[in-house]
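Below you'll find the structure, written out as structure tokens, and then a few comments.
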Amino acid sequence: MADDLEMQQRRLRLKKSLEELQKMRGMGTELVTVIIPPDRLISDVRGQLGQEAAQAANIKSKSTRKHVADAIESGIAVLNRYKNAGENGLAIFVGHVIVGNNKSRLVTIVIDEPPEAITSFRYRCDSTFELTQLEEMLIDRTAYGLFVIDRGEAAYGVASGKRIHCQEELQSNIMGKHRQGGQSAQRFERLIEEAAHNFFKRATEHACSYWLPMIDDIQGIIIGGPGHTKDFVIKNEYFHHEIQKLIREPFFDVGYSNESGLRELVQRAGTLMDQIELDAERALVDRFLREVMQAHPKATYGEMMIRSSLEQGAVDTLLLSEGLRKRRVGWNCKPCSHQWETTQTSLSDIPSCPKCGSEDAREDPNRTRDIIDELTELAGHTSAKVSLISLDTEEGATLYSSFGGIAALLRYPIS
């Protein structure tokens, strides 16, 4: 469980870093990306950066030449802090990024604990950072195919990790009831059944074409829909034979055969989708929502109440939204040397000293951490469980928007 949480935190830290890096732009080809796999020697990379610095002296633009030299020098300084690239490798992003009004500032972002091993070395100097390898690490490889169908429409997609993706919705345009009698009735019935057959074939072929390229990552195919159409489609083997092998029973009755039907299908499938976290996450937040409405709730929310509950050892399970973008910042007051901490977003102003009122405070990087990491560590002191809740479910979005993204299930009610 601790390993799963550590991996979730690594992935979340990477996601946050990528969100920042994706927004950054350089004035020219001034942003340096150095991606180092675990088997690459730091000394070799340091030597290559030295060669790149020498070549940068030939850049015609004076400002670009200086900025590239600054970036490479900063990259070498980062490498000097490491003996090796670590278990999964090391990624360094450094350069002068645009901050508005034709101004730029030098930034350095280091990712030294990626959730997966970096596969290949990469050096690039461009107007944006090279992020492809790291972005691929955030793709959840465990997936289930989803398929809902009736005679009027169909939809298919995948549930991957905590996300439901509807790839396509299809309409059948099959004729409805008719008033013709005699031979016309038989002919119309034949035409309707032929149209239904063609629709079933089209819907399943579309779905199979989507799933087959990722078949190695698909754990199973979950089927649903209103009525008996789904059973007919499976019984008559409309699916590709490789996909047919992955179809899981039972099949589920759902009210719709569109994107809403896919979401209902995931809810109905529940325990069948043992690799998918949607159901467990939804159940955990639902339990919190039910508990917090009680007269003496074994649940609480809000940063102040959560910190108090953690100090008392009352927290059983800490719920933290992946949407949290706050830091626990340590401050040092220059005039009176008072130290204190605040919770802030990255764009918050420098606070006044609570002791002397001075606004001349300095952020202490050694006491500044992401709030998710800090609260997780506090929870570990009393053996409280921690669950990171995504924004991809309705319940997860409610936790973030209505409860600030910080909540807890308690061991006992507190006043």
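The values are calculated or read from the model by the stated rules, or taken from the named source; none is laboratory data. It should be emphasised that the depicted structure is a prediction, and the values quoted were computed from it without experimental measurement. As a convention, Cβ positions derive from the backbone with ideal geometry for all residues, glycine included, and neighbour counts pool all protein chains shown.
Run down Leu320, Leu284, Leu310 and say which single residue is under 19 Å from the mean Cα position of the chain (by Cα) and within 30 Å of Ala361 (Cβ to Cβ).
Of the residues listed, the single one that is under 19 Å from the mean Cα position of the chain (by Cα) and within 30 Å of Ala361 (Cβ to Cβ) is Leu320.
Quick one: in the range 267-293, of everything that is among the charged types (D, E, K, R) and at pLDDT 70 or above, which residue is farthest from Ile389 (Cα to Cα)?
Ranking the qualifying residues of the range 267-293, first place goes to Arg268.
Tell me which residues, restricted to the range 322-365, are basic (Lys, Arg) and in contact (Cβ under 8 Å) with a residue 40 or more places away in the chain.
Within the range 322-365, Arg325, Lys326, Arg327, Arg328 qualify.
So Pro226 fits all but one of (1) more than 30 Å from the chain's Cα centre (by Cα); (2) at negative phi; (3) free of Cβ contacts under 8 Å to residues at least 40 places away in the same chain; what number is the exception?
It fails just one condition, (3).
Filter the range 304-316 down to the residues that are out of contact with any helix residue (DSSP H, G or I) (no Cβ under 8 Å at 6 or more places or on another chain) and outside any helix (DSSP H, G or I), then identify the one that is surrounded by the most Cβ atoms within 10 Å (Cβ to Cβ).
Ala314
Anything in the range 198-230 that is closer than 13 Å to Asp150 by Cα, part of a helix (DSSP H, G or I) and either touching a Phe, Trp or Tyr at 6+ places or on another chain (Cβ under 7 Å) or of a type in the set (Phe, Trp, Tyr) (or both)? List them, or say none.
Phe199, Phe200, Lys201, Thr204, Lys230
Quick one: would you say Glu259 is closer than 30 Å to Ile149 by Cα and either in the same structural domain as His197 (by TED's automatic domain parsing) or touching a Leu at 6+ places or on another chain (Cβ under 7 Å) (or both)?
In short, yes.
Got a sec? Which strands (runs of 3 or more DSSP E) wholly within the range 87-172 have at least 1 residues that are closer than 30 Å to His206 by Cβ and under 18 Å from the mean Cα position of the chain (by Cα)?
So the answer is 143-149, 153-160, 163-171.
Would you say Ser415 is free of Cβ contacts under 8 Å to residues at least 24 places away in the same chain and either in contact with a Gly (Cβ under 6 Å, 6 or more places away or on another chain) or among the polar types (S, T, N, Q) (or both)?
yes
Can you report the number of residues in the range 363-395 which are assigned to a helix (DSSP H, G or I) and modelled with pLDDT of 90 or more?
11
Working carefully through the options Val254, Val233, find the one that is assigned to a loop (DSSP other than H, G, I, E, B) and touching a residue at least 60 places away in the same chain (Cβ under 8 Å).
Going through Val254, Val233 in turn, just one is assigned to a loop (DSSP other than H, G, I, E, B) and touching a residue at least 60 places away in the same chain (Cβ under 8 Å): Val254.
Return yes or no: is Ser401 among the hydroxyl-bearing types (Ser, Thr, Tyr) and surrounded by fewer than 13 Cβ atoms within 10 Å (Cβ to Cβ)?
yes
Being surrounded by fewer than 17 Cβ atoms within 10 Å (Cβ to Cβ), polar (S, T, N, Q), within 16 Å of Tyr156 (Cα to Cα) and free of Cβ contacts under 8 Å to residues at least 60 places away in the same chain narrows it down to one of Gln186, Gln244, so name that one.
Result of the check over Gln186, Gln244: Gln244.
Go through the range 27-50 and give me each residue that's buried (at least 18 other Cβ atoms within 10 Å of the Cβ) and closer than 21 Å to Thr128 by Cα.
Correct list: Met27, Glu30, Leu31, Val32, Thr33, Val34, Ile35, Ile36, Val45, Leu49.
Here is a list of conditions, (1) buried (at least 18 other Cβ atoms within 10 Å of the Cβ); (2) among the aliphatic types (A, V, I, L, M); (3) out of contact with any Ser or Thr (no Cβ under 9 Å at 6 or more places or on another chain), and Ala53 meets all of them except one; can you say which number that is?
Going through (1) buried (at least 18 other Cβ atoms within 10 Å of the Cβ); (2) among the aliphatic types (A, V, I, L, M); (3) out of contact with any Ser or Thr (no Cβ under 9 Å at 6 or more places or on another chain) one by one, Ala53 breaks only (1).
Which one of these is without any contact (Cβ under 8 Å) to a residue 24 or more places away in the chain and not in a strand (DSSP E or B): Asp70, Asp44?
Within the list Asp70, Asp44, the selection yields Asp44.
Kindly provide the set of residues from the range 317-362 that are in contact with a Gly (Cβ under 9 Å, 6 or more places away or on another chain), among the hydrophobic types (A, V, I, L, M, F, W, C) and assigned to a loop (DSSP other than H, G, I, E, B), ordered by number.
Leu324
Of everything in the range 1-39 that's in a strand (DSSP E or B) and touching a Ser or Thr at 6+ places or on another chain (Cβ under 8 Å), which residue is farthest from Glu322 (Cα to Cα)?
Leu31
Which members of the range 287-300 meet the condition of being within 25 Å of Gln8 (Cα to Cα) and surrounded by fewer than 19 Cβ atoms within 10 Å (Cβ to Cβ)?
Arg287, Leu289
Within the range 232-268, can you find the residues that are of a type in the set (Asp, Glu), under 21 Å from Glu205 (Cα atoms) and under 28 Å from the mean Cα position of the chain (by Cα)?
Passing the criteria: only Glu259.
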